[in-house]
Amino acid sequence: MYLPAINFILLLYSRSVAEYIAEQGFKLTAHSDYDFMKNVFNMLQALFSFTPPFKFDEFFAPGHAVNRKITFVITLINLIKQKQASIQTRRANSKTKQVTFRQEDSVAMPNQNYYEDSA
């Protein structure tokens, strides 16, 4: 129940966050659920300084720590949304160009009349 949601949140919800995670060296496309969650726990600690509210082995225990697992998924959603907003802000700021004018470009020369007809 939780694994498909976690997979979606980390790999499909935000392409920019998924690329960020991959660029940081974390492979979340593991072959087994165990390896996937092991990588998720390591990634959360390294990139978000976040430790899930249960031990790794408790995650796979059926019926154990249900409320904490739900809270974990909600927290994960919020972390990914925050990271996505951060990435978008950074990209928007890097695309914004600052235009500056030299003083001589912004002030008309005294002998020039830009409105004079040449006819």
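Coordinate-derived values only; no laboratory data. Here the structure is a predicted model, which means the values were calculated and not measured. Note that each Cβ is placed from the backbone with ideal geometry, even for glycine, and that neighbours are counted across all protein chains shown.
Work out the charge dipole of the stretch 2-101 with +1 on the Cβ of Lys and Arg and -1 on the Cβ of Asp and Glu about the Cα centre, then indicate which of Phe60, Phe48, Ser86 is farthest towards its positive end. Looking along the dipole axis, the top candidate is Ser86.
Under 5 Å from the amide H of Phe50 lie the amide H atoms of Gln45, each residue being 5 or more positions distant or on a separate chain, with H modelled from the backbone and absent for Pro and chain starts.
Quick one: Kirkwood hydrodynamic radius for the stretch 2-101, alpha-carbon pairs, angstrom, one decimal? Present the calculation step by step, with values, prior to reporting the outcome.
Working: mean 1/r = 0.0677 Å⁻¹.
Taking the inverse mean of 1/r over all distinct Cα pairs, the stretch 2-101 comes out at 14.8 Å.
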